[in-house]
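The values are calculated or read from the model by the stated rules, or taken from the named source; none is laboratory data. Quick caveat: nothing in here was measured; it's all calculated off a predicted structure. Backbone-built Cβ (ideal geometry, glycine too); neighbour counts: all protein chains shown. Accessible surface areas use protein heavy atoms only, side chains included; no ligands, DNA or RNA. Shrake-Rupley method; radii C 1.70, N 1.55, O 1.52, S 1.80 Å.
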Amino acid sequence: MRTLVTGAAGQLGREVTRGFARYGSVVALRRDGLDITDHPAVLAAVADAEPDLILNCAAYNNVDGAEDDPLPAMRVNAMAVRSLATAARECDAILVHYSSDFVFDGEASEPYRESAAPGPQSVYATSKLLGEWFAAGAPRHYVLRVESLFGGGAERTDPGEGPLGSTLDRMVDALEADRPIRGFTDRIVSPSYVPDVAAATAVLVTGASAPGLYHCVNTGQASWFDVALATARRLGREALLSPITMADVDMPAARPRYCALSNEKILAAGAVMPRWEDALERYLEARQAS
Ligand SMILES: NC(=O)c1ccc[n+]([C@@H]2O[C@H](COP(=O)([O-])OP(=O)(O)OC[C@H]3O[C@@H](n4cnc5c(N)ncnc54)[C@H](OP(=O)(O)O)[C@@H]3O)[C@@H](O)[C@H]2O)c1
């Protein structure tokens, strides 16, 4: 199987580039090798690589920045996905596109299933929902909603473009440096461990799973405070953690409050998505080992 990865320097891009090498050749394109907002360049890169599979790991993830300046988010997260779907259709490749829990309004009280109606509350969220719809332009497409991704590491094409790594990476960095951290008690998530997302992606595309939309998160749900508490306890730094609520922080973009996702559909397709506590333990062990 020939795989083309876009956004290959990001946390998920790096992991799938490593992980999919076992299935054949991988063409890993960072942003400086392929800007996915350049439609002719996307068509040319895909025609050149002749992939069986395109993994789109490129994204504009500056949730607050998108409120003031919506066009970059719309170009990368929505219009560029249309280009990738066109390219996938032309070379008969599978397209995998990653989306977000932010497509929901966060007003639910039980985990969202794939059939739940979206209700994006921000420019970023809207751009991700449009991307899902454009990805469906590829005849064999998989749209995987992930959330609170952690454990991948990343490199920036432009080092001036903001902090590297996931929220959890930054929390662990702070705890290890004996700096205080805060965790939202009122934002409920189902975290996604990057190696588990990559493995689940492989299960879908190498098996006979029906194309379409899947929630690709670790099992269980927790507030960000719970995740931070489990992390701080494991590192023996519990005293450095304090609780906050979303109302305590001035954020330009609205965040969904309750956004646990049901992963029953992807489990039924054969993916293994361990509980988030198990994923957290493996992540902390991997950090310690490296
Ligand atoms: N991180 C999360 O918590 C989270 C939550 C929900 C959903 N997701 C989704 O999960 C997927 C993977 O996220 P991630 O955390 O791995 O993201 P990431 O680490 O920010 O990586 C995204 C990559 O896309 C690249 N990129 C940006 N604009 C591009 C363009 N025009 N052309 C080509 N590449 C471009 C970035 O390059 P530069 O860094 O050089 O700009 C970066 O390498 C994305 O679809 C994201 O929206 C992530």
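Going through Ala66, Ala73, Ala80, Ala93 one at a time, which residue ends up being open to solvent by less than 30 Å² (accessible area, probe 1.4 Å) and within 9 Å of the ligand (Cβ to nearest atom)?
Numbers: Ala66 fails: within 9 Å of the ligand (Cβ to nearest atom); Ala73 fails: within 9 Å of the ligand (Cβ to nearest atom); Ala93 fails: within 9 Å of the ligand (Cβ to nearest atom).
Residue meeting the stated conditions: Ala80.
Select from the stretch 211-228 the residues that are open to solvent by 20 Å² or more (accessible area, probe 1.4 Å) and part of a helix (DSSP H, G or I) and list them in ascending order.
Trp224, Phe225, Asp226, listed by residue number.
Could we say that Ala108 is farther than 30 Å from Val26 by Cβ, small (Gly, Ala, Ser), touching a strand residue (DSSP E or B) at 6+ places or on another chain (Cβ under 7 Å) and modelled with pLDDT of 95 or more here? First the steps, then the outcome.
Working: farther than 30 Å from Val26 by Cβ: yes; small (Gly, Ala, Ser): yes; touching a strand residue (DSSP E or B) at 6+ places or on another chain (Cβ under 7 Å): yes; modelled with pLDDT of 95 or more: yes.
Yes, satisfied.
Consider Ala208 against the criteria (1) modelled with pLDDT of 95 or more; (2) open to solvent by 20 Å² or more (accessible area, probe 1.4 Å); (3) within 30 Å of Leu53 (Cβ to Cβ): it satisfies all of them except one. Which criterion is unmet?
(1)
Going by what's in this entry, would Ala87 be described as more than 13 Å from the ligand (Cβ to nearest atom), open to solvent by less than 30 Å² (accessible area, probe 1.4 Å) and within 20 Å of Arg30 (Cβ to Cβ)? Steps first, answer last, please.
Numbers: more than 13 Å from the ligand (Cβ to nearest atom): yes; open to solvent by less than 30 Å² (accessible area, probe 1.4 Å): yes; within 20 Å of Arg30 (Cβ to Cβ): yes.
Against the criterion (more than 13 Å from the ligand (Cβ to nearest atom), open to solvent by less than 30 Å² (accessible area, probe 1.4 Å) and within 20 Å of Arg30 (Cβ to Cβ)), Ala87 qualifies.
Taking the condition of being more than 7 Å from the ligand (Cβ to nearest atom), of a type in the set (A, V, I, L, M) and surrounded by 18 or more Cβ atoms within 10 Å (Cβ to Cβ), how many residues in the stretch 9-41 meet it? Give the steps one after another, and end with the answer.
Quick first cut of the stretch 9-41, residues more than 7 Å from the ligand (Cβ to nearest atom) only: 14-29, 32-33, 38-41.
Adding the requirement that they be of a type in the set (A, V, I, L, M) leaves 16, 21, 26-29, 41.
Now narrow it down to the ones that are surrounded by 18 or more Cβ atoms within 10 Å (Cβ to Cβ): 16, 26-29.
Qualifying residue count, the stretch 9-41: 5.
Can you list residue pairs whose Cβ atoms sit under 8 Å apart, with the first residue in the stretch 171-196 being in a helix (DSSP H, G or I) and the second being open to solvent by 30 Å² or more (accessible area, probe 1.4 Å) and among the β-branched types (Val, Ile, Thr)? Count only pairs 6 or more apart in sequence or on different chains.
Filtered contacts from the stretch 171-196: Asp196/Val272.
So Ala232 ticks every box in (1) in a loop (DSSP other than H, G, I, E, B); (2) open to solvent by less than 10 Å² (accessible area, probe 1.4 Å) but one. Which box is left unticked?
(1)
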